[in-house]
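The block underneath contains the structure these notes are about, expressed in C-alpha cells.
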Amino acid sequence: MELGSWTLVAEVRFDTDPNSPGLNAVALDEIERTVREILTSKTTMSISGLRVVPKPAFA
C-alpha cells in the first residue's frame, strides 16, 4: 500500500453480491455518489478506493 493511499470501507445491512436478486444497486450507487460528494466538497481527505461490504449478522 502506498503512503497516503486509503480505502474507505462502508458496512451496509443489505446484500452486496452483484449476482444476487436482492442486490440494491440504487443504494450502492447512492453511497458512492454521497462519498464522492463529501470527499470533494467537505473534507481534504483523499481515498484511493471505496469498498461496500455487508455487515456481519453477529455484529
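How about the range 1-48: which of its residues are in a helix (DSSP H, G or I) and free of Cβ contacts under 8 Å to residues at least 12 places away in the same chain? Hits for the range 1-48 are A25, V26, D29, E30, R33, T34, R36, E37, I38, L39, T40, S41. Would you confirm, using the coordinates I've provided, whether D15 is acidic (D, E) and in contact with a Pro (Cβ under 7 Å, 6 or more places away or on another chain)? Yes; evaluated as a whole, the condition is true for this residue. Inside the range 15-37, can you point out the residues that are among the β-branched types (V, I, T) and open to solvent by less than 80 Å² (accessible area, probe 1.4 Å)? Listed by number, the residues that qualify are T16, I31, T34, V35. Restricting attention to the range 1-14 and to residues that are charged (D, E, K, R) and at pLDDT 90 or above, the residue that is least open to solvent (accessible area, probe 1.4 Å) turns out to be E11.
Candidates are the residues of the range 38-59 that are open to solvent by 80 Å² or more (accessible area, probe 1.4 Å) and of a type in the set (K, R); the one that is farthest from A10 (Cα to Cα) is K42.
The values are calculated or read from the model by the stated rules, or taken from the named source; none is laboratory data. Worth saying up front: this structure is predicted, and the values here are computed from it rather than measured. Here Cβ is always computed from backbone atoms with ideal geometry, including for glycine, and neighbour counts include all displayed protein chains. The protein model used for the area step is the full one, side chains on, heavy atoms only, and it has no ligands, DNA or RNA in it. Shrake-Rupley method; radii C 1.70, N 1.55, O 1.52, S 1.80 Å.
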